[in-house]
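Notes for the one structure printed next.
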Amino acid sequence: MKHVGVFDSGVGGLSVLKALLGHLPMEQFDFVADERYLPYGDKPQHEITDRVLTVSNWLRNQGCKAMVMACNTATAAGANQARAVHAHWPIVGIEPAVKPASMMTRTGVVGILATTNTVASERFKTLVERFDPLAKVIAQPCPGLVELIEKSPLPRADIEALLNPVVAGLIQKKADVIVLGCTHYPFVADIISDLAGPGVAVIETGMPVAKQLKSRLESEGLLWCKEPAADLLDRVRFYTTGDPVAFKNKLVNLLGDEWAGASIHFLTI
Ligand code: DGL
């Protein structure tokens, strides 16, 4: 049975992995957290493109049957390049949910929270232009937020202090939908919702990505249709280019005690 490779700069990809495990109960995954190079969001784009190519080569050499880029920043900086190198290998990327948000808003104003690199990318600008007639999109980078979400336990007071002016700015401009355009942010969605108040929808993209992977695997004849792996822990092999002990702490903190027995492998790529 072949695994699906999933990667992010860090724990953000776990918000996507959670949706993948739920929506594709027969599949197994290789999860790479590229924590030595975190945060991707503030690095020069060409460095992120290099990391995307390095990690995708590694996952492909591991024998993965497909790859999910569980990172908006990596998708913006390297999805086209990875697809050019790995033709005929299914690659599913992730981008901020501008389309659903533009269709959902009643005020006509959508707020997007994302990394500095995602907001600055050509891919994002094109995405926003495409839905321009439907809604006004206000993109708001959140430097420093990913680093706080990488701490375990989550420093909730610091996160709230960072997000407070950002969310207040969006509400002042009448945004009634806030898109989480970075896979780390769903782990603080409750804080964002509380700050935004009732009547503001906060949307993430884990489940749409899981659905897209499923239909891609189906159409390529790669979907695993036999019995699921007996144990949740057998369904994912975790790798980090950072500190395995620290990653394990974060994994348990963010996804729950059922992951306490997971082994985290150190990766030098
Ligand atoms: N989780 C990544 C994303 O979805 C970015 C995190 C980072 O800046 O490293 O954009």
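Just so it is clear, none of the values below were taken in a lab; they were calculated from the coordinates. Quick caveat: nothing in here was measured; it's all calculated off a predicted structure. Cβ sites come from the backbone with ideal geometry, for glycine too, and all protein chains shown count toward neighbours.
Observations on the model:
- Cβ crowding within 10 Å, taken as a proxy for footprinting-reagent exposure, orders His184, His46 from fewest neighbours to most as His46, His184.
- Principal-axis tilt of helix 72-85 within the chain, Cα atoms, nearest 10 degrees: 50 degrees
- Here the peptides 88-96, 58-66 are ranked by packing, the mean other Cβ count within 10 Å, and the order with the highest first is 88-96, 58-66.
- The distance separating the Cα centre of the range 1-38 from that of the range 163-212 comes to 22 Å.
- Residue ranges 156-168, 116-128 sort as 116-128, 156-168 when ordered by packing (mean number of other C-beta atoms within 10 Å per residue, highest first).
- Reducing the range 80-150 and the range 48-74 to their Cα centroids gives an inter-centroid distance of 19 Å.
- Full-extension gain in nm, Gln172 to Leu233, via 0.36 nm per residue minus C-alpha separation: 17.5 nm
- Order by protection proxy (mean Cβ within 10 Å, highest first), peptides 74-82, 175-183: 175-183, 74-82
- Cross-link table Lys99/Lys125; Lys18/Lys250; Lys125/Lys250; Lys43/Lys174; Lys99/Lys174; Lys65/Lys248, entries beyond 23 Å C-alpha to C-alpha: Lys125/Lys250; Lys43/Lys174; Lys65/Lys248
- Of the GluC sites (Glu not before Pro) in the range 173-269, the ones in a loop by DSSP (not H, G, I, E or B) with at most 13 other beta carbons within 10 Å are Glu220.
- Here the range 129-258 is assigned +1 on the Cβ of each Lys and Arg and -1 on the Cβ of each Asp and Glu. Its dipole about the Cα centre then comes out at about 300 debye.
- Counted by neighbouring Cβ atoms within 10 Å, the residues Ser102, Ser263 run from fewest to most as Ser263, Ser102.
- Residue (of Met103, Gln45, Pro25) at the positive-pole extreme of the range 17-125, dipole from beta-carbon charges: Met103
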